[in-house]
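*Asks:* So that we are looking at the same thing, I have put the structure below in structure tokens.
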Amino acid sequence: MQPRILDVRTRILKDNDTHARALRADFNAAGVTVISLVSSPGSGKTQLLQQVLTTLGLSYRVAALVGDLATDNDRDRLAESGAPVRQIITGTVCHLEADMIRTALDGWKLNELDFLFIENVGNLVCPSSYDLGEHLRLVLLSTTEGEDKPLKYPTIFNTADVAVITKIDIAQAVGFNRDTAVASIYRVRPGMTIIDTSARAPGGLDALLLFLKTVRAGDAR
Ligand SMILES: Nc1nc2c(ncn2[C@@H]2O[C@H](COP(=O)(O)OP(=O)(O)OP(=O)(O)O)[C@@H](O)[C@H]2O)c(=O)[nH]1
Ligand SMILES: [Mg+2]
């Protein structure tokens with residue numbers, strides 16, 4: 001007799017999950033690779049993304065959405081790359097939600113993009129609970145914020161796919177211990193992919209760029 005699998009999932013589907021699922025279906029249908037970035041405020045999401053957009057924009061069709069409680073500052077910084085960028089102002093909300101992404105995408109032709117990047121609101125707590133329909137979530141950990149952050153905020157690392165260590169150029173100056181940081185990440189997520197970056201050093205994003213191109217090559221097959 002075939003073993004019967006009993007689905008004991010009792011979680012009530014939240015509105016956000018429904019919206020996120022619809023978004024992911026649209027992203028897949030359009031053939032666009034969607035990558036989100038989460039981290040605490042100031043760990044370098046915009047700086048990194050601006051350079052990623054600039055470099056990938058030479059060979060790929062790229063665009064970005066960026067969320068903040070207030071100001072268009074990050075949109076303006078990202079737009080310096082030449083890529084189309086839209087700001088989502090969340091007001092008092094400390095994360096992006098799938099329906100905000102849907103609204104912000106209005107009028108954009110997804111099938112004319114290879115990569116869509118989404119910079120979430122700087123926060124290590126709220127964004128972890130909200131699926132945005134993205135294919136890959138990068139969690140950034142900067143050398144300045146303390147090696148124990150993955151242990152203190154495990155959920156954001158558990159809901160991300162890749163950990164990106166930022167500001168490696170100042171690691172020594174701030175006494176960053178990479179082994180300790182990696183051990184913290186592995187305590188939460190054994191074997192998680194970790195990519196070191198610097199937005200200030202020449203070639204400091206090469207490993208990340210190669211990773212993103214490999215992801216795209218897999219999606220585009
Ligand atoms: N030394 C160094 N500084 C960096 C690097 N990346 C970013 N910074 C600096 O860190 C500060 C914050 O960077 P942002 O890119 O604004 O950080 P963010 O994560 O987008 O911040 P929020 O959007 O407010 O959450 C800026 O002063 C950057 O110039 C890096 O690789 N090395
Ligand atoms: Mg930013």
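The values are calculated or read from the model by the stated rules, or taken from the named source; none is laboratory data. Remember, predicted model here, so these are calculated numbers, not experimental data. In this analysis, Cβ positions are derived from the backbone assuming ideal geometry, glycine residues included, and neighbour counts consider all displayed protein chains. To get the accessible areas, we keep the full protein, side chains included, count just its heavy atoms, and leave off ligands, DNA and RNA. Shrake-Rupley method; radii C 1.70, N 1.55, O 1.52, S 1.80 Å.
*Asks:* Scan segment 187-211 for residues that are more than 13 Å from LEU48 (Cβ to Cβ) and without any contact (Cβ under 8 Å) to a residue 24 or more places away in the chain and jot them down.
*Replies:* Matches in segment 187-211: PRO190, GLY191, PRO202, GLY203, LEU210.
*Asks:* Has segment 22-33 got any residue that is on the phi < 0 side of the Ramachandran plot, within 13 Å of ligand 1 (Cβ to nearest atom) and of a type in the set (S, T, N, Q)? Steps first, please.
*Replies:* Keep residues of segment 22-33 that are on the phi < 0 side of the Ramachandran plot, which gives 22-30, 32-33.
Still in the list and also within 13 Å of ligand 1 (Cβ to nearest atom): none.
Within segment 22-33, none of the residues are on the phi < 0 side of the Ramachandran plot, within 13 Å of ligand 1 (Cβ to nearest atom) and of a type in the set (S, T, N, Q).
*Asks:* Could you tell me which of the residues SER142, SER184 is within 16 Å of LEU49 (Cβ to Cβ) and of a type in the set (Gly, Ala, Ser)?
*Replies:* Only one candidate qualifies: SER142.
*Asks:* Right, here's the next one. May I ask you to list the residues in segment 113-137 that are within 16 Å of PRO41 (Cβ to Cβ), within 16 Å of ligand 2 (Cβ to nearest atom) and aliphatic (A, V, I, L, M)? Spell out how you get there, then give the answer.
*Replies:* To start, the set of residues in segment 113-137 that are within 16 Å of PRO41 (Cβ to Cβ) comprises 119-128.
Checking which are within 16 Å of ligand 2 (Cβ to nearest atom) leaves us with 119-124, 126-127.
Listed by number, the residues that qualify are VAL121, LEU124.
*Asks:* Same structure, new question: Return yes or no: is VAL38 buried (at least 17 other Cβ atoms within 10 Å of the Cβ), over 10 Å from LEU78 (Cβ atoms) and more than 8 Å from ligand 1 (Cβ to nearest atom)?
*Replies:* yes
*Asks:* Would you confirm whether any residue within segment 175-188 is touching a Ser or Thr at 6+ places or on another chain (Cβ under 7 Å) and modelled with pLDDT of 95 or more?
*Replies:* Within segment 175-188, one or more residues are touching a Ser or Thr at 6+ places or on another chain (Cβ under 7 Å) and modelled with pLDDT of 95 or more.
*Asks:* For segment 77-92, check the following and say yes or no: at least one residue is touching a residue at least 40 places away in the same chain (Cβ under 8 Å) and open to solvent by 30 Å² or more (accessible area, probe 1.4 Å).
*Replies:* Step one: of segment 77-92, the residues touching a residue at least 40 places away in the same chain (Cβ under 8 Å) are 78.
Filter once more, keeping what is open to solvent by 30 Å² or more (accessible area, probe 1.4 Å): none.
No.
*Asks:* Hey, does segment 12-20 have a residue that's within 19 Å of LEU105 (Cα to Cα), open to solvent by 10 Å² or more (accessible area, probe 1.4 Å) and under 17 Å from the mean Cα position of the chain (by Cα)?
*Replies:* Among the residues of segment 12-20, not one is within 19 Å of LEU105 (Cα to Cα), open to solvent by 10 Å² or more (accessible area, probe 1.4 Å) and under 17 Å from the mean Cα position of the chain (by Cα), which makes the answer no.
*Asks:* Can you name the strands (runs of 3 or more DSSP E) wholly within segment 14-96 that have at least 3 residues being touching a Pro at 6+ places or on another chain (Cβ under 9 Å)?
*Replies:* Details: elements: 33-38, 62-68, 85-89.
So the answer is 62-68.
*Asks:* Same structure again: Restricting the first residue to segment 58-73 and requiring it to be more than 11 Å from LEU113 (Cβ to Cβ) and away from ligand 2 (no atom under 11 Å from the Cβ), which pairs with a second residue that is among the basic types (Lys, Arg) and open to solvent by 60 Å² or more (accessible area, probe 1.4 Å) meet a Cβ separation below 6 Å and a spacing of at least six or different chains?
*Replies:* So the pair list comes out as LEU65/ARG86.
*Asks:* Can you work out which of the residues in segment 112-155 that are farther than 18 Å from VAL34 by Cα and aliphatic (A, V, I, L, M) is least open to solvent (accessible area, probe 1.4 Å)?
*Replies:* LEU141
*Asks:* Could you check segment 125-221 for helices (runs of 4 or more DSSP H) lying wholly inside it with 1 or more residues that are of a type in the set (Asp, Glu) and over 13 Å from the mean Cα position of the chain (by Cα)?
*Replies:* Details: elements: 149-152, 154-158, 178-188, 206-220.
Correct list: 178-188, 206-220.
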